[in-house]
Every structure is written in structure tokens, then in C-alpha cells.
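So the structure is just underneath, and the comments pick up after that.
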Amino acid sequence: MNVAKRTLWLTALTLIGATMPALAADYGGPSLPTSMPREWIVTVGFQVYGAPEFEGAKGYSTYATPRFRIQQAGAKEFATLPGDSPSLTIVSTDSYRFGVSGQVKRERKEGDSSALRGLGDVDFALEGGFFGEYWLTDFLRTRAELRRGFHGHDGLVADLSADLFVKPLSQLTLTVGPRLTLAS
């Protein structure tokens, strides 16, 4: 990445970081500390899932990744699905939230499969960007993410989803919905 692009990205991230606490306070999100202490809830866990060994692979492997959530006590709890990127909410209301999101993509080695022969190795990539989520009803959610790759790739990735939530039991939530990923 050339110096002009790097400077533009750093300037944009600095401006966003400097203005978000005030913007979040205006829209009900976390704000700068006041004289009263705030309570936070931290949830930590692991997700185990099956996924293709590389994008486009026929074979699947099992992976485990950490999952965590940090939210202010008393704030509305939004559902987080396994396909959602790790994210930090900056602006939140009862029906929508907006914030930053990111992902780490695994490296891919040409020698991992004969199907990759001639394509070359791809280093791991960091993806950073933004997400927006809108709840049409208490049981229907739409979400969009836009991320840019750094290191292993420098493309744009957009993830779009819509999810229907059904609670047949108080401790069980089932979700179903389409997913679409677009990438440059």
C-alpha cells in the first residue's frame, strides 16, 4: 500500500475513533466515563464449527474459535450469530446498531491441495471495516458488513444477511436465513 493510501486510512480511523464516543452518547451507545461507574457484562466462550479447508474446497475441517461479547449492563442484548464478524457496537437503539467489525482469514498454501496447484500461497489476512444491523421486528434481523483486507489481500468484502429467529423453548433459539458474500 502506498504512503498516500496508508495516510488516508490512518487519518480516517483517527477521526472515527475521536468522534465515536460523542456520537455514541447522542444515540444511546456507550459514552465516555462520567462520575458514576458503569457496569459491563463480559461473556467469553468458544465456537466449534465445520468449514471448507479453503474457499472453494470440497473437503471440510473442524475449527475452534473464541467468542466474546462486551456490553453495558442494562443495554438491549442483540443476538450474535456464528457467521457474524467480531464487532464493537458504537451506536445502538432498540431497532438498529452500527459499529466496527473485523476478521482474521487463515493462510492458504499452494501445497494444501492439488486443486490449488499454480495459484500460489496466500498469507493470512486481517479485514477491518463497519457493520450495520436493523431489526425489522423482534424476530427478523438484517445485517450488512463491509470490510477491507490488509496483509494477505487488499480487496473489499461485503457480507449481507437476513435472519428469522424462532424460540420454541426459553433456552433455545433457532435461526434461519440467507447469506450473500461479495468480494473484489
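May I ask you to verify whether residue 122 is within 25 Å of residue 156 (Cβ to Cβ) and surrounded by fewer than 17 Cβ atoms within 10 Å (Cβ to Cβ)? Considered against the rule, which asks whether it is within 25 Å of residue 156 (Cβ to Cβ) and surrounded by fewer than 17 Cβ atoms within 10 Å (Cβ to Cβ), residue 122 comes out as no. Look at residue 61 and say whether it is hydroxyl-bearing (Ser, Thr, Tyr) and free of Cβ contacts under 8 Å to residues at least 12 places away in the same chain. Taking the combined requirement at face value, the residue satisfies it.
Taking into account only those residues within the stretch 42-54 that are free of Cβ contacts under 8 Å to residues at least 24 places away in the same chain and not aliphatic (A, V, I, L, M), which is farthest from residue 117 (Cα to Cα)? Ranking the qualifying residues of the stretch 42-54, first place goes to 45. Contact map, the stretch 151-180: residues that are open to solvent by 40 Å² or more (accessible area, probe 1.4 Å) paired with residues that are of a type in the set (S, T, N, Q), Cβ distance under 6 Å, separation 6+ or inter-chain. Pairs shown: 156/184; 167/173; 179/161.
The values are calculated or read from the model by the stated rules, or taken from the named source; none is laboratory data. All values reported here derive from a predicted model rather than from experimental measurement. So basically every Cβ, Gly included, is an ideal-geometry build from the backbone, and we count neighbours across all protein chains shown. Heads up: the accessible areas ignore ligands, DNA and RNA and are worked out on the full protein's heavy atoms, side chains in. Shrake-Rupley method; radii C 1.70, N 1.55, O 1.52, S 1.80 Å.
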